[in-house]
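> Attaching a single structure in structure tokens format; questions to follow.
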Amino acid sequence: MTARPLHILLVEDNPGDVRLTREALREAEGFLFTYTHAASIACSLERLFSEEFDIALVDLSLPDSQGLNGPEQIMNAFPELPVVILTGLDDEAVGVNAVQAGAQDYLIKGQSDGKLMVRVIRYSIERKQAEIEREKMLKELQDLFQQVKTLRGLLPMCAWCKKIRDDNGEWVMLETFIGQHSNADVTHGICPECTEKHLRKH
């Protein structure tokens, strides 16, 4: 099965740098991509609203933005899009600031060959997907905790079978009650005490 080409948004106003970036990526063996060029932040936002991209490579020096202001506009408008900073400054602090601001990574123009670019692009996409999944899981946990907190008052429970009487007056299994009042799924196992008490004696 052939891999789908990655769709890259290249935000760069220097034609020479656009050409060098494109050629470096083309020289990377086995890397399939298509790219769209935007020469400003305003143009890049227009493209992003009309097309889907896998990643954006964004220069720090553009006609309508300087520094991290431009990339931050893109990241704020499209928080699920991984962004890699392109800088002409061999300054590690620039890259660190970019990552702290929300970018996945940075590349120094003129010092990044195709192999390095591809590695940074792929890792950036993977890290962004991991972040999205982590945030989704945290949101689901927060929603679950909020639902659990809404349970108020006394919960009548049978002292023998441990069933709970629900709002309709019916006695239901504990796992059924949890399923009705939360998004949690109950799995069954045997605790060490019950293993010792009920299984090992046989």
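A short reminder: the numbers here are calculations on the coordinates, not readings from a lab. Because the structure is predicted, anything quoted here is derived from the model rather than measured. Glycine also receives a Cβ, built like all others from the backbone with ideal geometry; neighbour counts cover every protein chain displayed.
> For the range 90-107 and the range 1-46, compute the distance between their C-alpha centroids and round to whole Å.
Using only Cα atoms, the two centres lie 20 Å from each other.
> Still on this structure, I have one more. If I model a spin label at Leu138 and Asp90 as a point 7 Å from the Cα along the Cα→Cβ vector, what separation in nanometres do I get?
3.7 nm
> Which value in nm describes the separation of the simple spin-label points at Trp171 and Glu131, placed 7 Å from the Cα toward the beta carbon?
5.3 nm
> Only counting other Cβ atoms within 10 Å, I'd like His37, His7 sorted with the fewest neighbours first.
On the way: His37 17, His7 14.
Going from least to most buried by this count: His7, His37.
> Could you compute the FRET efficiency for Gln111 and Thr34, with r as their C-beta to C-beta distance and R0 at 35 Å, rounded to 0.05?
0.90
> Under 19 Å from a point 7 Å along the Cα-to-Cβ line of Asn69: which residues of the range 91-119 have their amide N that close?
94-95, 97-99, 101-103
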